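A short write-up of the structure that comes next.
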Amino acid sequence: MIAKPKTDTFETEMGVVHGCICHNTTLTQLRALCNDDPFMVPFACQQTRCGSTCGLCVPYIQAAVQCKADELDVMWSASFEAMGIKPGRIAIIEREIANEKRQGPVSPAA
């Protein structure tokens, strides 16, 4: 779950992405570091360490810079791909969810 900034802490808001919760960095801050230039996203990630922990924020950072948005709805792979953005870890999670639905939940070992 991605969180919404509230002063210097994060407040949870379901369904909306406001930034990287792993490194407490907002999309607004990341866009400023990139100067809204998509080619600067790797620089912003390097400076903030965003994307270095779970990696789920990377396609959102790219989309925020491309759309000049400070918040985004939660998106799946198809939405990122339609924007020309590789979904990364989001695609992996989607595949895992689909596999679990097909196979059913795994029961714990006895």
In the list GLN103, GLN62, which residue meets the criterion of being out of contact with any Ser or Thr (no Cβ under 7 Å at 6 or more places or on another chain), of a type outside the set (Lys, Arg) and farther than 18 Å from LEU30 by Cα? GLN103
State all residues of segment 38-94 that are surrounded by 15 or more Cβ atoms within 10 Å (Cβ to Cβ) and of a type in the set (Gly, Ala, Ser); if no residue qualifies, say none. ALA44, GLY51, GLY55, ALA63, ALA64, ALA69, SER77, SER79, GLY88, ALA91
Pairs where the first residue, in segment 74-89, is within 20 Å of THR53 (Cα to Cα) and in a loop (DSSP other than H, G, I, E, B) and the second is among the charged types (D, E, K, R) and at pLDDT 95 or above, C-beta under 9 Å, 6+ apart: PRO87/GLU81
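Table: residues versus (1) at positive phi; (2) basic (Lys, Arg).
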{"site": "GLY55", "(1), (2)": "yes, no"}
{"site": "CYS67", "(1), (2)": "no, no"}
{"site": "ASP73", "(1), (2)": "no, no"}
{"site": "ALA82", "(1), (2)": "no, no"}
{"site": "LYS101", "(1), (2)": "no, yes"}
{"site": "GLY104", "(1), (2)": "yes, no"}
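The values are calculated or read from the model by the stated rules, or taken from the named source; none is laboratory data. Because the structure is a prediction, the values reported are computed rather than measured. Every residue, glycine as well, gets a Cβ built from its backbone with ideal geometry; the counts of neighbours run over all protein chains shown.
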